[in-house]
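The values are calculated or read from the model by the stated rules, or taken from the named source; none is laboratory data. Bear in mind that the values here come from a model prediction, so they are computed numbers and not experimental data. When we count neighbours, we look across all protein chains shown, and the Cβ atoms used for this are built from the backbone with ideal geometry, even at glycine.
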Ligand SMILES: [Zn+2]
Ligand SMILES: [Zn+2]
Ligand SMILES: [Zn+2]
């Protein structure tokens with residue numbers, strides 16, 4: 001078993017993985033240039049990709065083209081040229097101007113890094129056709145939305161990630177086709193459902209866990225098609241209404257109801273893999289998939305491994321986002337809308353094919369290697385145009401060159417990421433201290449890190465890059481808004497009826513982190529219409545708390561709590577939940 005060159009744990013590379021690497025290895029002039037087996041374990045590979053995903057850290061800065069103030073995922077102090085996304089997407093500039101020859105005396109990643117610092121970058125990552133939704137990223141076709149990320153086709157939605165086709169839905173995470181929902185996670189087709197998880201087709205309910213087709217229920221678990229239930233017991237209409245009034249007008253009553261729900265959750269079985277209509281899959285949050293291993297938050301995929309948030313794709317390994325559709329992808333972040341045969345690339349979309357080591361190469365681009373910001377181009381290396389013959393003659397030589405530097409077969413190193421590690425989703429799933437990040441993701445103990453580096457050098461791995469400083473860290477500077485009044489979160493009125501209109505001019509200090517946040521007028525109207533109390537925690541804290549309610553994106557071996565057969569699940573064996581295999585679960589719950 002090989003040892004991961006990053007975390008030093010041993011990991012397996014199954015035969016099928018090796019076959020896959022061979023399948024996607026570039027074919028140049030009839031000859032295969034085999035992609036070597038990975039040096040990083042699947043977990044470290046995912047961490048490295050996520051260090052390239054800044055979902056929701058936004059800054060005010062200047063557009064380097066128009067010199068106008070803009071919002072951007074790149075902070076103003078970053079050594080990159082950043083154009084307003086609309087300008088970047090237009091023809092007023094030419095990315096080929098930055099093209100350069102290959103320097104055979106320097107490692108490839110060093111040269112790519114130079115190009116990356118020269119070519120202008122778009123202010124946001126993949127933002128299209130939004131209306132009045134300036135504070136969004138990785139977003140398309142949203143209208144009147146605020147601080148939503150990785151979200152499409154929403155209207156009047158605020159504060160959330162992975163939201164699709166919702167209306168007036170606030171503070172949700174992985175929520176689809178829902179209306180007037182608040183603080184929901186993994187929710188589908190619900191209406192006026194609050195503080196709930198894993199619900200489908202429910203309405204006018206709160207504090208539900210894994211319920212389907214329920215109405216007027218509070219604090220229930222695993223119920224199907226029920227109406228007027230509290231704590232899994234039938235209640236009268238009056239009792240239900242009394243409980244609604246209680247929990248949304250008294251913080252203590254809400255807390256008690258929440259605690260009762262947690263107790264109930266532990267008394268009911270959980271499914272080993274959440275999702276439905278799958279065949280031969282491992283992972284979690286999987287629906288309508290076949291032959292998947294270690295995949296999370298995926299739908300309609302086939303023959304994929306180690307993928308996250310990928311849809312309608314086939315034969316992809318190590319891809320994070322988004323497919324719709326894609327085929328033959330290896331180690332990509334954010335490739336979609338019809339990609340074919342794309343490897344080790346970041347943010348490439350719209351019918352791109354045969355790309356390696358590209359970033360922001362779009363719109364039918366094909367046969368590109370190490371390019372940034374190209375559209376409708378082919379046969380380019382480091383943004384320099386070649387003929388097909390020149391390209392095919394150079395590529396084998398470049399691949400050999402990269403192999404000698406331990407670069408070929410590796411995704412872009414995290415230290416080349418344009419973001420601070422703590423600005424990215426890597427920090428959410430693999431939290432590290434500043435010292436660890438500055439030490440390249442290794443323990444803060446300098447001598448342990450130096451040992452590690454020299455051991456890797458002896459193995460001939462990526463010498464030049466390892467000798468550099470560690471990964472990037474962004475020292476956070478919170479913009480404190482100038483306001484009339486600051487109020488502590490814990491001092492906010494418990495009932496929405498006691499909240500004055502002026503609250504929108506104040507700043508609230510998060511009751512957990514002290515971080516200042518505001519209540520927008522639209523948001524206040526939402527809480528008033530729904531009869532919900534104001535949040536007492538800032539957006540980041542709310543997001544973190546939602547994340548912590550989901551199981552992690554790891555798998556462990558466990559035994560089904562009923563029949564005892566082996567299952568692979570994201571519930572760690574030491575967790576108190578009762579976990580069932582698919583068939584035992586379906587026997588009991590439906
Ligand atoms: Zn590892
Ligand atoms: Zn906070
Ligand atoms: Zn079972």
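Quick look at the numbers
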item	result
Candidates 159, 135 - the one that is at positive phi, in contact with a strand residue (DSSP E or B) (Cβ under 8 Å, 6 or more places away or on another chain) and at pLDDT 95 or above	159
Scope the range 412-437; condition out of contact with any strand residue (DSSP E or B) (no Cβ under 8 Å at 6 or more places or on another chain) and not in a helix (DSSP H, G or I); matching residues	413, 417, 419, 420, 424, 425, 430, 431, 432, 433
Selection from the range 25-74 of residues that are free of Cβ contacts under 8 Å to residues at least 12 places away in the same chain and in contact with a strand residue (DSSP E or B) (Cβ under 8 Å, 6 or more places away or on another chain)	25, 69
3 or more residues on the phi > 0 side of the Ramachandran plot: qualifying strands (runs of 3 or more DSSP E) within the range 305-404	311-336
Matching entry among 542, 518 (being within 26 Å of the chain's Cα centre (by Cα), more than 16 Å from ligand 1 (Cβ to nearest atom), surrounded by 15 or more Cβ atoms within 10 Å (Cβ to Cβ) and without any contact (Cβ under 8 Å) to a residue 60 or more places away in the chain)	518
Elements of type strands (runs of 3 or more DSSP E) contained in the range 34-152, each with 1 or more residues being over 19 Å from the mean Cα position of the chain (by Cα)	59-62, 69-72
Filtered residue count, the range 1-31, keeping only those that are within 21 Å of residue 397 (Cα to Cα) and either crowded, with 17+ Cβ neighbours inside 10 Å or at pLDDT 95 or above (or both)	6
Failed item, numbered, when residue 576 is tested on (1) touching a strand residue (DSSP E or B) at 6+ places or on another chain (Cβ under 9 Å); (2) in contact (Cβ under 8 Å) with a residue 12 or more places away in the chain; (3) away from ligand 3 (no atom under 16 Å from the Cβ)	(1)
Single condition residue 76 does not satisfy, out of (1) more than 30 Å from residue 543 (Cβ to Cβ); (2) surrounded by fewer than 18 Cβ atoms within 10 Å (Cβ to Cβ)	(1)
Checking residue 580 against (1) surrounded by 15 or more Cβ atoms within 10 Å (Cβ to Cβ); (2) closer than 27 Å to residue 262 by Cα; (3) within 16 Å of ligand 2 (Cβ to nearest atom), the condition it does not meet	(3)
Residue among 114, 94, 84 that is surrounded by 16 or more Cβ atoms within 10 Å (Cβ to Cβ) and modelled with pLDDT of 95 or more	84
